[in-house]
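Notes follow once the structure below has been shown.
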Amino acid sequence: MARRGAGTPFLLQLSLLLLLRPGGEWGPSWTLGCASVAVGSPVVLLGSAVTASCTIRSNLCHGLEQGKVQISWMLDNKPVAGSQRQGPGDTEVSNLTLPHFNHTQARLWCCVEWNGTKQRVGMAEIRAGYPPAKPLNLSCVLNLGDYGLTCQWEPGANSHLPTSVALKCSGSRAQAVTGCTPQGGHSRCTVPRRLLQLYRDMEIWVSVTNALGTAESEHLCIDPMDVAKLDPPTLQSIQSIPFQTDCIALAWEVAQGTEHMELQCELRYQTPADPAWGLVTGIIGRAGTAQPCGFLFGTTYHFQMRCRRSSAMAFWSEWSQGRNYTTHEKAPTGKLDTWWGARPAGAGGRLEVQLRWKAPGWREANGRVLGYRVTLSPRRRGRDPPTVCNTTHTHCNFSAPTGTRRVYLSAYNAAGESAATEVVLLERKGQPLAELWAVPGGERSLWVHWEAPPTPVAAYVLEWQRVTSVTSEPGHCSTCWQMEHDGTATAALIQDGIEPFQRYNISLYPLYKDVVGVPIHTTAYSQQKAPSHAPKLHLKSISKSEAELCWESMPVEMQNGFITSYTIFWASNIADVASATVNPSLSSFVIRGLKPLTLYKVHIMASTAAGSTNGTSLTLVTTVLDDTEIQFMFLPLGLAFVLLILLLICFQKNER
């Protein structure tokens with residue numbers, strides 16, 4: 001009891017000390033008066049060794065004077081083993097070596113054993129990390145508003161240690177000073193104007209320091225004015241240059257305060273039809289005007305401009321406010337793609353012509369096309385030929401004299417009329433292609449392939465038409481055809497009007513030198529899925545062992561793909577299910593081997609390559625006898641009935 005009483009002051013001392021520490025916070029090193037903890041270094045390289053020692057003066061630790069002092073260690077809350085020896089005087093010393101310290105921060109506790117429990121009597125806080133990494137990609141921009149130099153960089157890898165970062169700068173003869181210090185963990189800061197030397201070279205770099213060393217970025221040698229970011233210029237006017245040129249006259253005003261600078265500027269432009277930007281470079285900013293060329297006629301452009309000082313390191317200003325301008329129009333240019341059909345118009349000696357064409361591209365239209373004109377002869381100087389068709393559409397039906405072999409098509413806009421495209425009405429009796437097939441090119445496109453004929457081909461014309469239940473033949477429309485000008489091609493991609501789950505009839509015409517080839521046809525889907533529904537079954541006839549079923553073909557819009565098969569399922573109960581696969585070209589099927597006087601459930605399943613769909617169920621009941629058996633059963637009864645009638649007649653006549 002005396003031993004326990006002797007230790008009470010030590011416990012009280014320890015408890016009071018723990019309670020009196022404000023907030024429970026510990027410094028990097030802490031000890032009771034009777035213990036001291038020393039470490040080799042409070043900051044080490046991550047993964048390196050850590051050494052520590054704990055010295056206990058028993059005479060100062062009340063309650064420990066009478067027994068052997070047992071010292072132990074804890075790293076945070078994990079026990080670690082050390083060695084213990086008797087030190088000089090009345091002390092006990094424990095040494096500890098941690099060969100690989102892999103914590104970025106930890107507390108090392110020195111403990112003593114008292115009354116069967118561990119009491120913490122000393123602590124050292126240890127941090128581990130790496131020397132600072134070199135900052136990268138230092139860049140600076142001078143703000144002409146307050147002439148502050150804002151620099152930013154990419155920090156290196158995390159060192160896991162408290163680090164100080166400073167942006168250093170020095171003039172040609174001045175000593176290096178701290179230009180600014182980043183705040184809030186950012187990797188940028190601004191050097192004030194008073195520390196800068198404008199129009200002179202300065203050296204600028206980032207310095208990073210922690211307990212294990214210092215690292216510096218690459219030194220940047222710049223004149224702050226060379227990295228000034230200017231305000232954007234203002235586009236004042238844009239005008240077309242007349243006489244059918246493709247140039248524009250451009251005028252602008254540079255930002256205020258930059259009139260005295262040598263500026264280099266760029267102009268960018270885009271059209272609604274092409275979102276990609278075009279770029280005009282090498283514009284001298286102080287000139288205030290320029291005449292860039294290469295623009296399309298009758299086209300709306302969106303223009304923007306930016307400038308910078310004529311220095312290799314100068315930053316571009318932001319792009320200016322945009323300005324829209326439409327260039328002047330010019331008569332359409334180029335030839336139009338055409339396709340035609342012609343047939344005699346009865347006994348009147350006329351020819352009915354169906355002419356179709358593609359609208360010119362926006363590069364050839366040179367403005368907004370107002371219409372198209374078809375004539376039977378070319379225009380000659382001084383007179384215009386009679387017009388057989390004047391339309392805003394891209395197709396025209398007209399009548400021409402029998403024997404007409406050429407017609408002439410032109411497009412016109414507000415600026416004039418294009419040169420006529422000669423359309424030669426060739427006969428369609430040339431050699432057809434050997435093979436044609438189509439495969440999906442995407443959800444809304446088809447790749448059409450064909451085998452090239454032995455005779456040289458000038459071009460090909462592809463026609464396609466969506467198949468509907470109303471008509472399954474290709475019709476005439478202005479958008480479902482295209483011309484392939486490469487006579488050596490064996491494939492083409494069609495996209496116009498292609499929808500998934502719809503069937504298309506595709507025709508291909510080879511255009512030879514003096515004749516059009518007979519077309520070859522195929523059908524295709526860009527994407528397939530299961531049918532929308534299956535056909536409805538009907539019972540055509542039934543006997544005691546057979547049942548004949550029939551159904552109507554599904555509308556092509558509901559098929560959603562090529563029907564690969566029909567499957568008939570029948571069952572008299574859930575466990576007894578039978579099926580048969582039927583060719584998709586058939587519309588009837590006979591189920592054989594049924595049981596007499598039995599109820600069956602029957603349904604049909606329609607399948608495509610992408611899935612199947614079940615139809616509604618049909619209930620049927622087989623008969624007891626077949627028709628033949630019924631006939632044989634009733635034949636004797638009929639004969640007996642006839643004989644009975646004959647006998648009655650005979651009795652009446654002979655009164656017997």
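The values are calculated or read from the model by the stated rules, or taken from the named source; none is laboratory data. Note that the structure is predicted; figures quoted are calculated from it, not measured. All Cβ positions, even for glycine, are placed from backbone atoms using ideal geometry, and neighbour counts span all protein chains on display. Remember, those area values only see protein heavy atoms, side chains included, never the ligands or the DNA or RNA. Shrake-Rupley method; radii C 1.70, N 1.55, O 1.52, S 1.80 Å.
Some notes on this structure:
- Screening the stretch 480-593 for strands (runs of 3 or more DSSP E) wholly inside it with 2 or more residues that are open to solvent by less than 60 Å² (accessible area, probe 1.4 Å) and in contact with a Pro (Cβ under 9 Å, 6 or more places away or on another chain) returns the ranges 504-511, 520-524, 565-573.
- Positions within the stretch 267-281 being of a type outside the set (D, E, K, R) and assigned to a strand (DSSP E or B), in sequence order: Leu267, Tyr269, Gln270, Thr271, Pro275, Ala276, Trp277, Gly278, Leu279, Val280, Thr281
- Residue within the stretch 70-88 that is open to solvent by less than 40 Å² (accessible area, probe 1.4 Å) and at pLDDT below 90 present: yes
- Restricting Ile204, Ile126 to residues that are under 30 Å from Trp109 (Cα atoms) and touching a residue at least 40 places away in the same chain (Cβ under 8 Å) narrows the list to Ile126.
- Counted residues, the stretch 281-295 - those being open to solvent by less than 30 Å² (accessible area, probe 1.4 Å) and over 15 Å from Val254 (Cβ atoms): 2
- Test: residue in the stretch 222-231 that is within 17 Å of Cys151 (Cα to Cα), open to solvent by less than 20 Å² (accessible area, probe 1.4 Å) and acidic (Asp, Glu): yes
- Restricting Ala211, Ala228 to those that are touching a residue at least 60 places away in the same chain (Cβ under 8 Å) and closer than 25 Å to Arg306 by Cβ reduces the list to Ala228.
- Residue within the stretch 624-641 that is in a loop (DSSP other than H, G, I, E, B) and either of a type in the set (A, V, I, L, M, F, W, C) or modelled with pLDDT of 85 or more (or both) present: yes
- Within the stretch 318-355, considering residues that are open to solvent by less than 40 Å² (accessible area, probe 1.4 Å) and of a type in the set (Val, Ile, Thr), the one nearest to Gly367 (Cα to Cα): Thr327
- Filter pass, Leu263 being open to solvent by less than 50 Å² (accessible area, probe 1.4 Å), in the same structural domain as Ser240 (by the TED database), at pLDDT below 95 and under 30 Å from Asp223 (Cβ atoms): yes
- Number of the exception - Phe243 against (1) more than 29 Å from Lys168 (Cα to Cα); (2) touching a residue at least 24 places away in the same chain (Cβ under 8 Å); (3) surrounded by fewer than 19 Cβ atoms within 10 Å (Cβ to Cβ); (4) not polar (S, T, N, Q): (2)
- Applying the condition of being open to solvent by less than 40 Å² (accessible area, probe 1.4 Å) and in a strand (DSSP E or B) to the stretch 356-380 and asking which residue is farthest from Gly416 (Cα to Cα) yields Arg356.
- The stretch 180-201: number of residues that are under 41 Å from the mean Cα position of the chain (by Cα), without any contact (Cβ under 8 Å) to a residue 40 or more places away in the chain and more than 29 Å from Leu263 (Cβ to Cβ): 5
- Those residues of the stretch 206-217 which are more than 17 Å from Val141 (Cβ to Cβ) and in a loop (DSSP other than H, G, I, E, B), in sequence order: Ala211, Leu212
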